[in-house]
Amino acid sequence: MKKIVLTGGGTAGHVTPNIALIPALKEAGYDIVYIGSYNGIENRLITDLGIPYFGVATGKFRRSLDSKNFADFFRVIRGYREAREILKRERPDIVFSKGGFVSVPIVRAAASLKIPCIIHESDVSMGLANRICAKVAKKICCNFPEALENLPSDKAVLTGTPIRKELFNGDPAKGRELCGFDDSKPVLLIIGGSQGAAAVNQAVRDALPKLLPLYQICHLCGKDKMDNLLLTTPGYKQFEYITDELGDLFAMADVVISRAGANAICELLALKKPNILIPLPTSSGSRGDQVQNAESFQAQGFSILIDQEDLTTKYLVKKVNELYHDRQKYIDTMAASPMLDAIPTIIQLINEECGQAQ
């Protein structure tokens, strides 16, 4: 049986695409092992699935001068040595990395042992960890056509992001039941990310008097971000977050408002959900990846982009109505995308690299 090591962590966005790949990897005959950090979110998410998990020391690389860089450098060296020992013991045929700083010692250790590595970059511009790993990667999977311009032509492959199959199996009736909605009005779904988005939350709530006569609204607002004064508002349902029922909520949604994290918007594309993207601005400390992601999706005709600085009640309502009116145009454009199902493409790349390594 072929063996694959998966890696990636630090945030759920560096883990959930790997989780989406696991059923297809098992079906393709791979024995799966995961290497991550000792205490990162990936440890809990992967061990809950019963996948063998090994932790290594990790450190974060910072672009700015920071005294923490010195200590973290030695953590990465330690993690590299630990990863080499695990890889020599497990003897995988290939490594697939979804990124995050945890992946750096593992990918570099694998390359030193002549184990082929495939990495996946979610955003238009490559993050620092993947920049370090790209030098030794056999293939670099990406989500955006613009990313291909800055990647080696012999390595870059436009694949999209692996999407969890359960998201495609949602039941709109169950979603409406969960929210207490009926069939009298279309449904607007707001997704602020796992931590919520204060500016988006406030803009949506300010616009409720204008939106609720036209839409039923399901609002995933983030941990501790619910507004208790609005708990009994007819047609408006708040959740801090949703896990198992997310597919049902997507299925019932006619249009969506979302931040522009790469995994989130690739899910919207795969599910063909007309959407408004409000990316995290650079003024918040972001490196601008969400802005670039949203600009790409708008240019491809998948989304409407609203800059957070332009977010007013009047403008938001106007754009929601435009989106709903033109929703079929967005659905048709997304349906023509070649990136609706990344999993078969990535499995093929893995199989090809395994074959070449033998």
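Some notes on this structure:
- Residue that is surrounded by the fewest Cβ atoms within 10 Å (Cβ to Cβ), among those in segment 134-147 that are under 19 Å from the mean Cα position of the chain (by Cα), among the hydrophobic types (A, V, I, L, M, F, W, C) and over 15 Å from Glu353 (Cα atoms): Ala147
- Only a single item in (1) under 30 Å from Lys185 (Cα atoms); (2) in a helix (DSSP H, G or I); (3) out of contact with any Gly (no Cβ under 8 Å at 6 or more places or on another chain); (4) in contact (Cβ under 8 Å) with a residue 24 or more places away in the chain is not met by Val256, and it is number (2).
- Cross-chain or 6+ apart pairs with Cβ under 6 Å, segment 173-185 first and closer than 16 Å to Gly247 by Cα, then among the small types (Gly, Ala, Ser): Gly175/Ala251
- Filter result for Val107 (over 19 Å from the mean Cα position of the chain (by Cα) and within 23 Å of Glu352 (Cβ to Cβ)): yes
- Filter result for Val255 (more than 26 Å from Asp307 (Cβ to Cβ) and surrounded by 14 or more Cβ atoms within 10 Å (Cβ to Cβ)): no
- Out of Val95, Val107, sole residue that is part of a helix (DSSP H, G or I) and surrounded by 23 or more Cβ atoms within 10 Å (Cβ to Cβ): Val107
- Residue match in segment 339-358 (condition: loosely packed, with under 15 Cβ neighbours inside 10 Å, more than 30 Å from Lys114 (Cβ to Cβ) and among the small types (Gly, Ala, Ser)): no
- Scoring Ala198 on the criteria (1) under 20 Å from Val291 (Cβ atoms); (2) touching a strand residue (DSSP E or B) at 6+ places or on another chain (Cβ under 9 Å) leaves a single failure, condition (2).
- Screening Glu245, Glu240, Glu166 for residues that are under 30 Å from Asn130 (Cβ atoms) and surrounded by fewer than 20 Cβ atoms within 10 Å (Cβ to Cβ) leaves exactly one candidate, Glu166.
- Cβ pairs under 8 Å, 6+ apart, first in segment 1-28 and over 18 Å from Pro105 (Cα atoms), second in a strand (DSSP E or B) and of a type in the set (Asp, Glu): Met1/Asp31; Lys2/Asp31; Lys3/Asp31
- Among residues of segment 90-114, those that are hydrophobic (A, V, I, L, M, F, W, C) and in contact with a Pro (Cβ under 6 Å, 6 or more places away or on another chain), counted: 1
- The sole residue among Ser125, Ser112 that is closer than 28 Å to Gln300 by Cα, surrounded by fewer than 21 Cβ atoms within 10 Å (Cβ to Cβ) and in contact with a Lys or Arg (Cβ under 9 Å, 6 or more places away or on another chain) is Ser125.
- Test: residue in segment 259-272 that is free of Cβ contacts under 8 Å to residues at least 40 places away in the same chain, surrounded by 18 or more Cβ atoms within 10 Å (Cβ to Cβ) and more than 18 Å from the chain's Cα centre (by Cα): no
- With respect to the stated conditions, Leu220 is more than 19 Å from Pro17 (Cα to Cα), touching a helix residue (DSSP H, G or I) at 6+ places or on another chain (Cβ under 9 Å) and surrounded by 16 or more Cβ atoms within 10 Å (Cβ to Cβ).
- Note on segment 94-115: among residues that are hydroxyl-bearing (Ser, Thr, Tyr) and under 22 Å from Ile41 (Cβ atoms), the one that is modelled with the highest pLDDT is Ser97.
The values are calculated or read from the model by the stated rules, or taken from the named source; none is laboratory data. Model, not experiment: these values are computed from the prediction. Cβ coordinates were reconstructed from backbone atoms using ideal geometry, including for glycine residues, and neighbour counts include every protein chain displayed.
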